Amino acid sequence: MKEICTTLPPYAKAADGKGTSADKRGVEKSGAKKAFTPLILRRQLCFFAAFILPVSKLLEAPSLLAYFSKGDLLIPAFLHYVLQTGMLAVLLYVCSKSERPLYARLRDVSAPLARTVYTLLAAYYVFADLFPLLDLERFVYTAFFDTPPAVSAFLPFFLLSAFLCTKNEKAIGRSADLCMPVFLFAFSGLIFMALGEADFTQLLPLFGTSAKSDFKAFYQSLVHFSDAPLILPLLSSYKYQKGDGKKITAAYAGGGGFVLLFLAVFYGVFGSLAPRETYAFDKIARYFTALDVVGRIDLLLVYMITVVLLYAYALPLQLSVQCLTRAYKKDNDASGADAEKKRLIFSLSINGALLLFVFFCSKYYNSLYRFIAAGMFWIFPLFSVGLPLALLFLKGDNDNGKNNSKRHKPPDLSPDPTKENAAQNEKPDDVAPSGEEIRDEKKPGAATTDDAAKEAGAK
């Protein structure tokens, strides 16, 4: 008899022992969710917190703090960073409770609630950027033009901002990578030039002003130091991993160290004249002795920081567009076409409206400052402190007592030896025996039917 060989695999198993494609499709249909793909990395979040957020505090905030606190300008700035670092730690703790993004967790509670929160966040970003945009326009006209420029001189900023707003969170991460070396080189150069001219004794005594003046400096500068809401939308495109909270918080605290160093050198250079020295980073290195010989090389460093500053002031508008897009895009937008369309519409609308605002309202600078920084200051702690604390009530994956490391465990597609052996032993009748089984039946000493017939004929 010819030996019959077969290569049929055991039932419900592929030839490689990892399961058939039908098995995998069955696992997918059984409820396994698609993994969340982050758009921004931990490194980029650290660069964002350490090198982009501090630059917006180097323009108008130093003279504002010096006006109210005099030599104690470091105290309200330090309190700002203590508060915002705590709120950032709260946000990162909320992220650590689940592998799902924040917006998806808000939608689990209530879809209208998630849409409302992100719409209010978008409105907050626009409101918080009104006064800084007026500062930026005045700085550009003062630092880059010897004579009053045309009204359209500030238009390129809004063209750049409109372009940035059409990009998603991945572009923010790449921008953070690019801004890191630019900021470090320019900031280090300006501090090096100004350090030799600084007299730090002007900061003494440390608590020379009243607590009332320090508190007034604190709440009137909230418009410049409310950073926690700026990080919130990025955390919806970020996947938290163990140990990330300490690193991102340390990066933000390092950015605060840059700001405190700059404030100390700034007041050490100008002293009692500091409240009148607006646009601080443009003027801090002007007394460097070598400038009389080599010229105003400090302006090259000023231009480099201005590049980062332009992006830092366009960032709230970009985050506003991202929040609106996330809140109002179609749920079944797999290709992303609807999200791109809405980003374009929101970008043109927001940047066009703010262009008109800057054009018509720049002459009311003092009135707008009193309205935003003094009259409506409570809006900033509402979003920078109240919102992170409210997010603590979001449920996490480990709220039911399970270990955090076991959440969202992927389905096990590896073969089970027990089931595989059982499948091999329980072959149906219509499967032909393999050649090895036929050879096993012909063991030495076992009599076959042909051998028994031959023995009978011989007898």
Run a plain Debye calculation on the stretch 200-298 (Cα atoms as equal point scatterers, no solvent) and give log10 I(q)/I(0) at q = 0.23 Å⁻¹, rounded to two decimals, same order as the q list. -1.33
Work through the residues other than Met193 whose Cβ is under 13 Å from its Cβ and net out their charges, Lys, Arg +1 and Asp, Glu -1. -1
The stretch 213-362: projected area of the alpha-carbon convex hull, averaged over directions, in nm²: 14.0
Kindly provide log₁₀ I(q)/I(0) values, in the same order as q = 0.22, 0.27 Å⁻¹, from the Debye equation applied to equal alpha-carbon scatterers of the stretch 264-318. -0.92, -1.06
Surrounding net charge for Phe207, when Lys and Arg each add one and Asp and Glu each subtract one, Cβ distance under 14 Å: 0
Residue separation times 0.36 nm, minus the C-alpha to C-alpha distance between Ala334 and Ser188: what's the value? 48.0 nm
Tell me the per residue accessible area of the stretch 325-394 using a 1.4 Å probe; a whole number in Å² is fine. 59
State the percentage of accessible surface on the stretch 234-339 attributable to carbon and sulfur atoms; use a 1.4 Å probe and exclude ligands, DNA and RNA. 59
Mean Cα-pair separation over length for the stretch 249-358, i.e. relative contact order, pairs under 8 Å, 6 or more apart, %: 14
Just how many % of Cα pairs in the stretch 117-251 lie over 21 Å apart, if you round to the nearest whole percent? 67
Given a 1.4 Å probe, the accessible area of the stretch 109-257 per residue, as a whole number of Å², is 46
Hey, what do the phi angles of the stretch 179-184 turn into as Karplus ³J(HN,Hα) couplings, whole Hz, using 6.51/-1.76/1.60 and θ = phi - 60°, x for Gly and Pro? 6, 4, x, 5, 5, 4
Count charges around Thr325 for me, please; just the other residues with Cβ under 12 Å from its Cβ, Lys/Arg as +1, Asp/Glu as -1. +4
Relative packing of 155-162, 172-179, 74-81, 47-54, which averages over residues the other C-beta atoms within 10 Å, highest first: 47-54, 74-81, 172-179, 155-162
Using a 1.4 Å probe and counting only protein heavy atoms, arrange Leu45, Leu389, Leu348 so the residue with the most accessible area comes first. Leu348, Leu389, Leu45
Of all accessible surface on the stretch 126-232 at a 1.4 Å probe, what whole percent is carbon and sulfur? 68
If you find the alpha carbon centre of the stretch 329-360 and of the stretch 161-190, how far apart are they in angstrom? 21
Separation of the stretch 194-240 and the stretch 86-134 by C-alpha centroid, Å? 22
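The values are calculated or read from the model by the stated rules, or taken from the named source; none is laboratory data. Bear in mind the structure is a predicted one, so any value in this text is a computation, not a measurement. All Cβ positions, glycine included, derive from the backbone under ideal geometry; neighbour counts span all protein chains shown. All accessible areas refer to the heavy atoms of the entire protein, side chains included, with ligands and DNA or RNA removed. Shrake-Rupley method; radii C 1.70, N 1.55, O 1.52, S 1.80 Å.
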